[in-house]
Amino acid sequence: MYICKHLCQETGGFYTVALDESHFKELVLEHVPPPPAIAEFAICGLTLVSSPHLASSYHHLFPITTFNEVASTILNNPHRKLPKTCFGCQQTLPVPGKKPSLRVACPKCNQHFCLDCDIYIHENLHNCPGCESQNSKAVTEE
């Protein structure tokens with residue numbers, strides 16, 4: 001500590017020791033510029049939004065479509081070939097009639113997902129992995 005204090009005195013800097021998590025955040029924020037604020041043009045009154053702010057709110061502007069529950073009539077139809085695993089986590093989806101569990105499908109790409117992945121996709125990811133994989137295939141084929 002003596003060395004740190006001496007270096008700071010010689011260079012005109014300062015050093016501190018964080019006492020707890022909130023004090024640590026306070027110390028870090030002293031050295032980090034604040035995020036850009038939303039500004040408004042004085043002449044026209046239009047709001048200027050920074051790209052990081054826009055990117056963080058993008059999923060609120062275009063929310064992902066709600067997935068449809070796969071009906072039991074489809075699950076119990078022997079002529080219909082259904083995926084055996086969840087497209088998101090690759091876990092085995094429950095076999096119809098064995099154990100009651102929810103299976104959902106994206107209305108755009110028709111991929112099947114388990115309930116955990118459905119929740120994760122809509123609350124955190126904000127993009128359907130099935131739709132995104134179809135989009136990436138289309139881009140690579142062009």
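The values are calculated or read from the model by the stated rules, or taken from the named source; none is laboratory data. Small disclaimer: the values here were computed from a predicted structure and weren't measured. Positions of Cβ are generated from backbone atoms using ideal geometry, with glycine treated the same way; all protein chains shown enter the neighbour counts. What goes into the accessible areas is simple: the full protein's heavy atoms, side chains included, and nothing from ligands, DNA or RNA. Shrake-Rupley method; radii C 1.70, N 1.55, O 1.52, S 1.80 Å.
Computed values, structure above
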{"item": "Where a residue in the stretch 104-123 is at positive phi and its partner, wherever it lies, is small (Gly, Ala, Ser) and part of a helix (DSSP H, G or I), with Cβ under 8 Å and at least six apart", "result": "Asn110/Gly130"}
{"item": "Residue, surrounded by the most Cβ atoms within 10 Å (Cβ to Cβ), within the stretch 3-15, restricted to residues that are out of contact with any helix residue (DSSP H, G or I) (no Cβ under 6 Å at 6 or more places or on another chain) and either small (Gly, Ala, Ser) or part of a loop (DSSP other than H, G, I, E, B) (or both)", "result": "Gly13"}
{"item": "Conditions (1) at pLDDT 85 or above; (2) open to solvent by 70 Å² or more (accessible area, probe 1.4 Å); (3) in a loop (DSSP other than H, G, I, E, B); (4) farther than 30 Å from Pro107 by Cβ: number failed by Ala18", "result": "(2)"}
{"item": "Pro83 surrounded by 12 or more Cβ atoms within 10 Å (Cβ to Cβ), free of Cβ contacts under 8 Å to residues at least 40 places away in the same chain and part of a loop (DSSP other than H, G, I, E, B)", "result": "yes"}
{"item": "From Phe62, Phe87, residue being in contact with a helix residue (DSSP H, G or I) (Cβ under 7 Å, 6 or more places away or on another chain) and closer than 20 Å to Cys131 by Cα", "result": "Phe87"}
{"item": "Residues satisfying the stated conditions in the stretch 107-128, i.e. closer than 24 Å to Ser57 by Cβ, open to solvent by less than 80 Å² (accessible area, probe 1.4 Å) and either of a type in the set (Lys, Arg) or assigned to a strand (DSSP E or B) (or both)", "result": "none"}
{"item": "Qualifying residue in the stretch 56-64 (condition: assigned to a loop (DSSP other than H, G, I, E, B) and surrounded by 11 or more Cβ atoms within 10 Å (Cβ to Cβ))", "result": "yes"}
{"item": "Within the stretch 27-47, tally of residues that are open to solvent by 90 Å² or more (accessible area, probe 1.4 Å) and modelled with pLDDT of 70 or more", "result": "8"}
